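What follows is a short report on a single structure.
The values are calculated or read from the model by the stated rules, or taken from the named source; none is laboratory data. Everything numeric here is computed off the predicted structure, so don't read it as measured data. Cβ: placed from backbone, ideal geometry, glycine included. Neighbour counts: every protein chain shown. We work out accessible area using only protein heavy atoms, side chains counted, and drop any ligands, DNA or RNA first. Shrake-Rupley method; radii C 1.70, N 1.55, O 1.52, S 1.80 Å.
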Amino acid sequence: MTVMNDWVPAKELLTPAQRVIILTHISPDGDAIGSMVGLGNALMSIGKQVIMAVDGGTPSNLRFLPGSSEVHSNLDGVTADLVIVVDCGDEKRIGKVGEAARLLNLKWINLDHHATNTGFADVNIMDPAFVSASECVLRLLRWLGIDPTVDAAQCLLCGLVTDTLGFRISAVNAETFGLAQQLMAAGANLTMIVQNTIARMPTSALRLWGQVMPTVQIKDHVAWVHLTLAAKKAANYSDESGDGGLVSFLLQADDVNVSCVMKEQESGKIELSIRSKPSFDVSTVAFSLGGGGHKQAAGATLEGTLDEVEARVIPLLVAVANSTSPIT
Ligand code: 5GP
Ligand code: MN
């Protein structure tokens, strides 16, 4: 999708709306919950009623965010004037709350930064140059003249910190630090965010890493590993709490340009988490597999066994990993 900066129509939809539903993607991360709750808090601060929802509610690791306990897991009995979806480039990824919201026959705004965004809303604000959906939210708030409260700033900075892996991805530029400066000046606590997100993993994830590390495969500049249901069970690990960034860890190997973690789900499907070093683009491979994401971080969910998915996906990743040279 091309870049869309429909700030004016977004304002036209938002200004008269009194009750606003805000949704984000399933398996929400720090940017998904941070952007949703940050925007929700900011809109409440100017007198709007806000209903926030995501399938499964707020994951336990993100409940440190102020206001995250007000996030619902369904839209039962809800009426509203407008739907805003944050951090989601594909309507299917909103899951059941998205289906419920469609039944309300409302206008939709999408605030996002996924290069693979399908433009599913009435008004789409999407720029892959935004390092996080929370950057998109903050820019909308600036455009609307709304100063983030301390709580909104905390949530939006969480999105900025987690999606940039602590200001380390190549999309980070001088303006990113300007956004972070604004949020910290508004009262956001960087240490609290870092300690609860990028500097933390569940102990069960560490046990899982210990189990699967000997099974990591490296070939033609691609590193990958299977997370079987059996391994997850043995480590007492659940996907909901996060794997501590295993796929990013694999990518650090100096001979690796693309990494992939293949997670077996209870449903029998295989969830792929894919990462690449700057100059290698994995978003198009993910999109071709029915998923999506960013150039350097993408994913998809596929039918089949781990071995079948591996046989299908690894040649595609090998092609990307050998398409150019890494920046050194
Ligand atoms: P992660 O590996 O952290 O789960 O996902 C990396 C990126 O890819 C995130 O931006 C996430 O939203 C996106 N992504 C992961 N799986 C899918 C998918 O099935 N569909 C789409 N559209 N995006 C996905
Ligand atoms: Mn994001």
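Quick look at the numbers
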{"read-out": "List M36, M213, ordered by accessible area with a 1.4 Å probe, largest first", "value": "M213, M36"}
{"read-out": "Pairwise Cα inverse-distance average, inverted: Kirkwood Rh of the stretch 89-146 (Å)", "value": "12.2 Å"}
{"read-out": "Loop-located trypsin sites (Lys or Arg not before Pro) in the stretch 108-169, at most 14 other Cβ atoms within 10 Å (DSSP)", "value": "R168"}
{"read-out": "Over 27 Å [Cα-Cα, the chain], rounded percent", "value": "42 percent"}
{"read-out": "The stretch 1-108, accessible surface, carbon-and-sulfur percent (1.4 angstrom probe)", "value": "50 percent"}
{"read-out": "The stretch 4-196, relative contact order in percent, only Cα pairs under 8 angstrom and at least six apart counted", "value": "25 percent"}
{"read-out": "Distance histogram for the stretch 203-321 (every C-alpha pair counted, 5 angstrom bins, percent rounded to whole numbers)", "value": "2, 12, 24, 25, 21, 12, 3, 0"}
{"read-out": "Packing rank of 81-92, 265-276, where each peptide gets the mean count of other beta carbons within 10 Å, highest leading", "value": "81-92, 265-276"}
{"read-out": "Estimated FRET transfer efficiency (D147, T215; beta-carbon r; R0 45 Å; 0.05)", "value": "0.35"}
{"read-out": "Residue-averaged [θ]222 nm for the chain, counting only DSSP H segments that reach four residues, each worth -39500 (n - 2.57)", "value": "-11000 deg cm²/dmol"}
{"read-out": "Candidate residues H72, H113, H294: accessible-area rank, largest first, probe 1.4 Å", "value": "H72, H294, H113"}
{"read-out": "Spin-label pair M184/K269, simplified geometry with 7 Å Cα→Cβ offset, distance in nm", "value": "4.0 nm"}
{"read-out": "V8 paired with D76, simple spin-label distance in nm, labels 7 Å along Cα-to-beta-carbon", "value": "4.4 nm"}
{"read-out": "Long-range amide H partners of K107 with built H, under 5 Å", "value": "V83"}
{"read-out": "Calculated Rg and Dmax of the stretch 4-196 using C-alpha coordinates, Å", "value": "14.9, 45"}
{"read-out": "Extension gain from T203 to K92, taking 0.36 nm per residue of separation minus the Cα-Cα distance", "value": "36.8 nm"}
{"read-out": "Whole-number accessible area per residue in Å² for the stretch 203-321, which is evaluated in the context of all protein chains at 1.4 Å", "value": "45 Å²"}
{"read-out": "Carbon/sulfur fraction of accessible area - the stretch 203-321, other protein chains in place, 1.4 Å, %", "value": "54 percent"}
{"read-out": "Whole-angstrom gap from the stretch 227-275 to the stretch 43-92, using each part's C-alpha centre", "value": "27 Å"}
{"read-out": "Cα-Cα separations in the stretch 178-227 greater than 15 Å, expressed as whole percent", "value": "66 percent"}
{"read-out": "Accessible area, probe 1.4 Å, largest first, for residues K263, K219", "value": "K219, K263"}
